[in-house]
Amino acid sequence: MNTQKIINPAQGNSIKGVLGESELFVGLDPRAYHADVTVQSCSLLKPILVSPAHYRAQFFSDRSSTKFMDFGTLIHALVLEPSTFGAGYAVFPGKTDKRSDEYKAFARANVGRIVIDEVAFHIAKNLADRILSRSYKGRPFGDYVKEGIPEASIYYTDPATNVRCRARIDLLHPEFTFDLKTTICAERTAWVRQASSLDYDMQAYMYCLCVSLFYGHTKPKPFVFIAGENAAPYSVSAFTAGPTFIEEGGRKYQEALTANAACSSVNFYPDASSKETIE
């Protein structure tokens, strides 16, 4: 095993990186991180790949989550930060009926926590256990979790454009950069289609870049997706991002930053309207 250590500052503190004015934060409140719209992130940049107008519109639209996003957040807590589960969630005994007096009383007693029922908890716990036991490079993923930093936030300045950017890495490990995904299908072909359509390649490139800047590496650590199905049979796959996957992500990343810089300089964000012949 690689003996390189990861600096683990006290919660809320930060450590300066080697290059790109990079800075690592551990224990940064996720609400504070995601509310920061002054620094570019992968999720903020993705819409501009559709059109600059789509990028602009996200700042004026509702960012409410979906049930799939909520399930993914629950899995992240159970896999990466199980010690936080009790503070963030309350398990209602039985099946949820929000109209029942029992449920209403339970919800009132657990204000500030997300209420899930026993069925939802056991489904999520089953998948979380499968993810932790999933073998990668001959070792269960749970071993990597114990050795790494979960939810590590890195802020950096992009070397090419001088734009301030950020990334929240699911698991920063001495040897690998891991990203945990919940998915409809963990079969390779279907998942790669999903990864391409959701611009996971740009995420992989951006995260590899910021980790390399932080440590001063000329060669990025392998970037690995751990993908778990959100429905039976709850298959779990480990997909390592290959060179062409990363290269395509880099192309998207530069396109997104360049488009944003051009549009912001003239305060004009064209939409995706077009008039073409398609085949």
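The values are calculated or read from the model by the stated rules, or taken from the named source; none is laboratory data. Quantities reported herein were computed from a predicted structural model and do not represent experimental measurements. Note: ideal-geometry Cβ built from the backbone for every residue, glycine included; neighbour counts use all protein chains shown.
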Filtered residues of the stretch 82-112 (kept if in contact with a strand residue (DSSP E or B) (Cβ under 9 Å, 6 or more places away or on another chain) and surrounded by 15 or more Cβ atoms within 10 Å (Cβ to Cβ)): 89, 90, 91, 92, 96, 103, 106, 107
Neighbours by Cβ (under 9 Å, 6+ apart or cross-chain): first from the stretch 80-99, under 11 Å from residue 115 (Cα atoms); second polar (S, T, N, Q): 88/73; 89/110; 90/110; 92/110
Residues that are aromatic (Phe, Trp, Tyr) and either in a strand (DSSP E or B) or free of Cβ contacts under 8 Å to residues at least 60 places away in the same chain (or both), drawn from the stretch 211-225: 223, 225
Long-range neighbours under 8 Å by Cβ, at least six apart or interchain, first residue within 12 Å of residue 241 (Cβ to Cβ) within the stretch 197-210, second aromatic (Phe, Trp, Tyr) and buried (at least 24 other Cβ atoms within 10 Å of the Cβ): 202/253; 204/223; 205/253; 206/253; 207/223; 208/223
Every pair of residues 6+ apart whose Cβ atoms lie under 6 Å, when the first sits in the stretch 249-274 and is touching a residue at least 60 places away in the same chain (Cβ under 8 Å) while the second is among the hydroxyl-bearing types (Ser, Thr, Tyr): 253/205; 257/161; 263/269; 271/51; 272/51
From 259, 232, 272, residue being outside any strand (DSSP E or B), more than 17 Å from the chain's Cα centre (by Cα) and surrounded by 15 or more Cβ atoms within 10 Å (Cβ to Cβ): 259
From 27, 20, residue being surrounded by 12 or more Cβ atoms within 10 Å (Cβ to Cβ), on the phi > 0 side of the Ramachandran plot, in contact with a strand residue (DSSP E or B) (Cβ under 6 Å, 6 or more places away or on another chain) and assigned to a loop (DSSP other than H, G, I, E, B): 20
Members of the stretch 11-32 found to be small (Gly, Ala, Ser) and within 24 Å of residue 84 (Cα to Cα), listed by number: 12, 14, 27, 32
Residue within the stretch 39-47 that is of a type in the set (Val, Ile, Thr), surrounded by 16 or more Cβ atoms within 10 Å (Cβ to Cβ) and in a loop (DSSP other than H, G, I, E, B) present: no
Strands (runs of 3 or more DSSP E) completely within the stretch 74-176 that count 2 or more residues being over 22 Å from the mean Cα position of the chain (by Cα): 89-92, 114-117
Residue 179 at pLDDT 95 or above, out of contact with any His (no Cβ under 8 Å at 6 or more places or on another chain), under 19 Å from residue 72 (Cα atoms) and acidic (Asp, Glu): yes
Within the stretch 48-60, considering residues that are part of a helix (DSSP H, G or I) and among the hydrophobic types (A, V, I, L, M, F, W, C), the one farthest from residue 162 (Cα to Cα): 60
Filter result for the condition that a residue is surrounded by fewer than 16 Cβ atoms within 10 Å (Cβ to Cβ), at pLDDT 90 or above, closer than 22 Å to residue 213 by Cα and in contact with a Leu (Cβ under 8 Å, 6 or more places away or on another chain), over 7, 15: 15
Breaking point among (1) touching a Cys at 6+ places or on another chain (Cβ under 8 Å); (2) closer than 19 Å to residue 229 by Cβ, for residue 73: (1)
Residues of the stretch 60-79 satisfying the condition of being surrounded by 10 or more Cβ atoms within 10 Å (Cβ to Cβ), among the hydrophobic types (A, V, I, L, M, F, W, C) and free of Cβ contacts under 8 Å to residues at least 24 places away in the same chain: 69, 77
